[in-house]
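Colleague: Take this structure first; my questions come after.
The values are calculated or read from the model by the stated rules, or taken from the named source; none is laboratory data. All values derive from a computational prediction rather than experimental measurement. Note that we place each Cβ from the backbone using ideal geometry, even for glycine, and neighbour counts take in every protein chain shown. Please note that ligands, DNA and RNA were not included when accessible areas were found on the heavy atoms of the full protein model with its side chains. Shrake-Rupley method; radii C 1.70, N 1.55, O 1.52, S 1.80 Å.
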Amino acid sequence: MVVARTRAVALHGVEGSLVEIEADLANGLPAFTIIGLPDAALGEAKDRVRSAAANSGLDLPNRKVTVNLSPASLPKHGSAFDVAIAVAALATTGLLALDAVAETVHIGELSLDGRLRPVAGVLPAVLAARRSGARLVVVPWGNRGEAELVPGIRIVGAATLREVLALHGAALDPPTDPVEPIAAPAPRESIATDGDLADVVGHPEAVEALQVAAAGGHHLLMLGPPGAGKTLLASRLPGLLPDLDTDAAVEVSSVRSLAGLGLGDGLVRRPPLEAPHHSATMASLVGGGSGLVRPGAISRAAHGVLFLDEAPEFAGAVLDALRQPLETGEITIHRARTVARFPARFQLVLAANPCPCGQAGTIDADCTCTPIMRRRYLARLSGPLLDRIDLHLTVRRVGAAQLTGQDAGAVTTAEARLRVTNARERTRERWGSEGWTTNARVPGPVLRGAAWRLPSHDRAPLDRALERGALTMRGYDRVLRVAWSLADLDGASRPEAEHVGRALYLRRGI
Ligand SMILES: Nc1ncnc2c1ncn2[C@@H]1O[C@H](COP(=O)(O)OP(=O)(O)O)[C@@H](O)[C@H]1O
Ligand SMILES: [Mg+2]
Ligand SMILES: [Zn+2]
């Protein structure tokens, strides 16, 4: 009896754990059995491994081979276990150095001809391998660039199963024909975010509100008729956000990798934008899938912007699903015996027409909706959701004359980003040590507490609005948060009456 061992990584969300793969060669009728994989994946892995080995000129031993993936309790999804299974099975023949194989982590799918096929999730898998103390990871050639983004661990990119075996000391003749390695698919851009803020004509209030949203990490609601420029404005928000720090860049890149979107030549350093359509399914928003659990739009927007255009048209269940990530900054997907965790701290931008027909408030106002219809339409955005949105903005259509004219005063993305970055620096100096990196995250009681309370003459209009019943306590806190962002943008040490006044104005949308 010979037992050979090697390792692979099981992913659950952006986290992963090492899996041990052991192959046992026993006397008995020729058979190839894999245990420890979910039923659906089993047959396929077996067929791929058998064909890949045969087409590499490496037949599996002509005896009873049993491969076990342990711990059995750990669910394993996806096709990235193929290479490890093949290596363990072939190692029982005495072809390989058993101890070298045992220490190595193998990630990759096998194609039937024996080449290694790139897989999703290599970045988080290599990170998990390093965290577990592994020193060498073999990945498909097409994934090597992504794997090499992880420092402090040796990466080998292999094009074929024979190359993997040669690495472990197998004496194999070089292939007669050169083999074309399988490349990873080219990275796919979800949505371009490189348009400039200066493209926005007019709308000085909206342009200012975008900068406030970016500076304070505030969620934003835009109400306005079709064609008013809501989508244009939302697409400019990611550009105003500062570059991602390394932790955030690793998270965003890991999510992209798991989503199968691929990475360019390095970690993603710019905040993403996701704009799912209102007909999108729950799984495409939240994440899921039958094999490897894939992140949804909500997670792909982490550290960036989630834009829901025509927000009232989204299914109620979908809007409700935003509440957990808005509260905790992550999303958990429950599967049998496991929980997949994905980051989901995004900035939410909702856009809505003012009424079902979209014409309310336009100049030619031929809206036929009744007041009840209008109220019902917006009421689809539930109270708890609207409660988290600090900025409510009304966007009107810009006249044709303005659209075609020159706009000398337009703010560019570069200018705005610099302003935002400086404002965030001020916020961090003030509250970073408490763990609040943006004003939107500071709890209301802190803002109203002795240490940070504004002098009563500066908050007078706010107090009056509260007494009149025009603001709830939550609304009061939101105005304070926005006032702090306005002060940070102005380089003021604390909000003054004028900031409070502008903050109140920025919420008057609905
Ligand atoms: N203020 C504006 N400045 C420049 N272009 C605008 C402006 N408002 C609208 N547009 C243009 O008009 C079209 C419709 O705008 P869009 O952002 O899709 O509106 P909405 O999302 O509110 O329906 C787009 O091509 C957009 O670029
Ligand atoms: Mg639009
Ligand atoms: Zn209408």
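Colleague: What's the angle, to the nearest 10 degrees (0 to 90), between helix 122-131's Cα axis and the longest principal axis of the chain?
Modeller: For 122-131 against the chain, the angle is about 80 degrees.
Colleague: If pairing requires two Cys Cβ atoms under 4.7 Å apart, which cysteines of the chain are left without a partner?
Modeller: 357, 367
Colleague: Counting other C-beta atoms within 10 Å, and keeping those with at most 15, which DSSP coil chymotrypsin sites (Phe, Trp or Tyr not before Pro) do you find in the range 307-368?
Modeller: none
Colleague: So, one more: Mind listing P(r) for the range 247-309? All alpha-carbon pairs, 5 Å bins, whole percents.
Modeller: 4, 19, 28, 25, 15, 8, 1
Colleague: Sticking with this one: Out of the DSSP beta bridges found with both residues in the chain, what percent are antiparallel (nearest 5)?
Modeller: 50 percent
Colleague: For the range 41-100, take the alpha-carbon Rg, divide it by the Kirkwood Rh, and send me Rg/Rh.
Modeller: Result: Rg/Rh = 0.96.
Colleague: Let me ask another. Compute the label zone of residue 177 within the range 30-63: residues whose backbone N is under 18 Å from the point 7 Å along Cα-to-Cβ.
Modeller: 52-58
Colleague: Put +1 on the Cβ of each Lys and Arg and -1 on the Cβ of each Asp and Glu in the chain; which of 411, 489, 254 then has its Cα farthest toward the positive end of the dipole?
Modeller: 489
Colleague: Only bridges whose two residues both fall in the range 293-348 count here: according to DSSP, what percent of them are antiparallel, nearest 5?
Modeller: For the range 293-348, the DSSP antiparallel bridge percentage is about 75.
Colleague: With 16 Å as the cut-off, how large is the P(r) tail for the range 118-174, expressed as percent of Cα-Cα pairs?
Modeller: Tail of the P(r) past 16 Å holds 42 percent of the pairs.
Colleague: Can you give me the convex hull volume of the Cα atoms of the range 2-167, divided per residue and expressed in Å³?
Modeller: Per-residue hull volume (Cα only) is 96 Å³.
Colleague: Taking 2.2 N^0.38 Å as the expected size of a compact globular protein, what ratio does the Cα radius of gyration of the range 197-411 give against it, to two decimals?
Modeller: The reported ratio for this selection is 1.08.
Colleague: Which angle from 0 to 90°, rounded to the nearest 10, does the C-alpha axis of helix 39-55 make with the longest principal axis of the chain?
Modeller: That works out to roughly 50 degrees.
Colleague: Averaging over all projection directions, find the projected area of the Cα convex hull of the range 88-133 and quote it in nm² with one decimal place.
Modeller: 4.1 nm²
Colleague: Taking the solvent-accessible surface of protein heavy atoms with a 1.4 Å probe, what is the per residue accessible area of the range 1-46 in Å²?
Modeller: Heavy-atom accessible area per residue stands at 45 Å².
Colleague: Under the 0.36 nm per residue contour assumption, what length would be gained going from the current alpha-carbon distance of residue 310 and residue 382 to full extension?
Modeller: Working it through step by step, the gained length comes to 24.5 nm.
Colleague: For the range 101-229, what log10 I(q)/I(0) values come out of the Debye formula at q = 0.19, 0.23 1/Å, with one point per alpha carbon and no solvent?
Modeller: -1.04, -1.37
Colleague: Rounded to the nearest 5, what is the percent of antiparallel bridges among the DSSP beta bridges in the range 2-167?
Modeller: Taking every DSSP beta bridge with both residues in the range 2-167, the antiparallel ones total about 60 percent.
Colleague: Sorted from largest down, give the three principal axis spans of the alpha carbons of the range 157-282, whole angstrom values.
Modeller: In descending order, the Cα extents are 71, 31, 30 Å.
Colleague: 222 nm [θ] for the chain, helices only, -39500 (n - 2.57) per DSSP H run of 4+, per residue, to 500?
Modeller: Computed mean residue ellipticity for the chain: -10500 deg cm²/dmol.
Colleague: Follow-up question, since we're still on this one. Under a straight-distance cross-link criterion of Cα-Cα below 26 Å, which lysines are reachable from residue 46, leaving out those fewer than 8 residues away in the same chain?
Modeller: Straight-distance partners of residue 46: 64, 76.
Colleague: Which three extents, in whole angstrom, do the alpha-carbon atoms of the chain cover along their principal axes, largest first?
Modeller: Dimensions of the chain along the principal axes of its Cα atoms: 87, 51, 43 Å.
Colleague: For a quick check: with amide H placed at 1.01 Å from N, whose amide H comes under 5 Å from residue 330's, ignoring anything fewer than 5 positions away on the same chain?
Modeller: Hits under the 5 Å cutoff: 344.
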